[in-house]
1. Which residue, of Ala45, Ala77, is modelled with pLDDT of 95 or more, hydrophobic (A, V, I, L, M, F, W, C), surrounded by 18 or more Cβ atoms within 10 Å (Cβ to Cβ) and closer than 30 Å to Glu326 by Cβ?
2. Can you name the number of the only condition in (1) closer than 20 Å to Asp146 by Cα; (2) of a type outside the set (Val, Ile, Thr); (3) within 15 Å of the chain's Cα centre (by Cα) that Pro98 fails?
3. Looking at the structure I just gave you, is Lys268 under 17 Å from the mean Cα position of the chain (by Cα), away from the ligand (no atom under 14 Å from the Cβ) and modelled with pLDDT of 95 or more?
4. So which residues in the range 85-141 are of a type in the set (Gly, Ala, Ser) and under 24 Å from Ala184 (Cα atoms)?
5. Restricting attention to the range 170-211, and to residues there that are part of a helix (DSSP H, G or I) and among the polar types (S, T, N, Q), which single residue is surrounded by the fewest Cβ atoms within 10 Å (Cβ to Cβ)?
6. Could you please tell me which pairs satisfy a Cβ distance under 6 Å, a separation of 6+ or placement on different chains, a first residue in the range 199-222 that is under 16 Å from Arg157 (Cβ atoms) and without any contact (Cβ under 8 Å) to a residue 24 or more places away in the chain, and a second residue that is within 12 Å of the ligand (Cβ to nearest atom) and hydrophobic (A, V, I, L, M, F, W, C)?
7. Only residues that are β-branched (Val, Ile, Thr) and under 25 Å from Ala158 (Cβ atoms): list them for the range 286-327, please.
8. Going by the conditions given, is Glu210 out of contact with any Gly (no Cβ under 9 Å at 6 or more places or on another chain), more than 10 Å from the ligand (Cβ to nearest atom), among the acidic types (Asp, Glu) and at pLDDT 95 or above?
Amino acid sequence: MKLRTLSGAVAGLAAVCALSWGGTARALEIKSSDVHAMGYPTTEAIAYMGDLIETWTNGRHTVKIFHSMQLGGEKEALEQVQLGALEMTRVSVGVVGPIVDDFNAFNLPYVFRSIEHMHNVVDGEIGTELLNRLEKGELIGLGYMDAGARSFYNKNRAITSPKDLEGLKIRVMQNPIFVEMMGAMGGAGLPIAFNELYTAMQTGVVDGAENNPPSYSTQKHYEVAGYYSLTEHLIVPEIFVFSKRVWDTLEPLDQQLIRKAAALAVIKERELWRAMEDKSMEELAGLGIKINKDVDKQAFIEATAPVREKFGAKYKDLIARIEKVEG
Ligand code: GTR
């Protein structure tokens, strides 16, 4: 939906809500967690969503953000949301696969041909279908956010082709698919929570990791892993979810308002993301980080074919549909 149409729809909805709530509807402080600090596109988009909700409900509902891993890693945050101890969290789809496994179709290396392809998939019927399936994992899917493409960084050398990963221990997100992906590429994948990663690299538990430029830069991972090679092997979107347990206690009109605010937060994050990616690359270049663009992508695509075959077997139809989407 276009921003203006959406805003118009929201204004109408807010007016209806103001009339029908009277003074009795419950007030909720929506606690939301994120591993990133304020200033990052995801946290800022949730803050924006919070402002909208607060305005539209005249302060009856508020959003409080627990940023910078204050509540630990993403796996734990998702568990808290499933239990209803936390209302909302924003995480990578990478850690959602173990809960609703259809999401693993998005977690396969090189399954998306480009960012545009990923956008067309998540913005289309496949994206909605998967969001709806989160209900069976006690989660309400509110929307997708951008996270660009993930590439390798390590303290030893530039990565040009899979053979350069041989002998390297690389941290991956907590999902078996990524461990296998690393194996197929020639390295060893170790699942470690994001909040433990800097120390793991510093102490030599791992030689490196993989992530998008804004995460690499804002987490200052370059301080302990100074070679960044643009393999772009994963285009994993992010997601923000609400606790189904809490959701089910909300008035339908409140639920609609939250959904509208979420839709606007998605648009906001995308804008912020574009700017942040450019800014991060400039920062990294300015810091003298060794950015390697000379990557044999085809070799990585071929090396990871067995992973797509093995894990993709379960979602053959879904993957065939993803392939057919343009972009
Ligand atoms: C970032 C992402 C986080 C987290 C992190 C990781 O790109 O924004 O949600 O998943 O990667 O590697 O754990």
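1. Only one candidate passes the filter, namely Ala45.
2. (1)
3. yes
4. Residues satisfying the conditions are Ser92, Gly94, Gly97, Ala105, Ser114.
5. Selected residue: Thr199.
6. Listed by first residue and then by second, the contacts come to nothing, as the list is empty.
7. Ile289, Ile291, Val295, Ile301, Thr304, Val307
8. The answer is no for Glu210.
The values are calculated or read from the model by the stated rules, or taken from the named source; none is laboratory data. Bear in mind that the values here come from a model prediction, so they are computed numbers and not experimental data. Methodologically, a virtual Cβ is constructed for each residue, glycine included, from the backbone with ideal geometry; neighbour enumeration extends over all protein chains shown.
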